[in-house]
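Taking it in order: structure first as structure tokens, then the write-up.
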Amino acid sequence: MQKNSTLQKPWIYKVGMILIISSILIWVISPVLIPFLPLTNGVKAISITTSLIIGEVIFWIGALMAGKKVANNIKKSFNPKNWRKKFVHKEQDRE
């Protein structure tokens, strides 16, 4: 018997999701940790800026690998404009 291959995600999708998750971690962790390192202020500023740019590049590479639909869903969930809409929809579902 042959397993249904449509249920299994291709490896490129999985690698893309790992890249997206790691880029989010870079975005969150680097601005929090770098200021506490024993570096000069100029090096700290350059390090934070560089890590944020690298995180953005990693996100878009992961988005290309995972697919456009996944990238749009993730971007929508991180957009503060959509947070209230989700809350309103949950409130309406409860009623």
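Out of the residues in region 33-59 meeting the condition of being of a type in the set (S, T, N, Q) and in contact with a helix residue (DSSP H, G or I) (Cβ under 6 Å, 6 or more places away or on another chain), tell me which one is farthest from Ser22 (Cα to Cα). Show your work before the answer.
Of region 33-59, the ones of a type in the set (S, T, N, Q) are 40-41, 47, 49-51.
Remaining after also requiring in contact with a helix residue (DSSP H, G or I) (Cβ under 6 Å, 6 or more places away or on another chain): 47, 51.
Details: Ser47: 17, Ser51: 12 Å.
Ranking the candidates gives Ser47 first.
In region 6-35, what count of residues is obtained for those that are touching a residue at least 40 places away in the same chain (Cβ under 8 Å) and touching a Ser or Thr at 6+ places or on another chain (Cβ under 7 Å)?
0
Under 7 Å between Cβ atoms, at least 6 apart or on separate chains: pull out the pairs that start in region 65-86 with a residue that is without any contact (Cβ under 8 Å) to a residue 12 or more places away in the chain and end on any residue that is in a helix (DSSP H, G or I) and of a type in the set (Lys, Arg).
Taking only residues 6 or more apart or on different chains, the pairs are Asn82/Lys76.
Every read-out reported here was derived from the displayed coordinates using simple, explicitly stated rules and does not represent laboratory data. These numbers come from a predicted model, not from an experiment. Note that we place each Cβ from the backbone using ideal geometry, even for glycine, and neighbour counts take in every protein chain shown.
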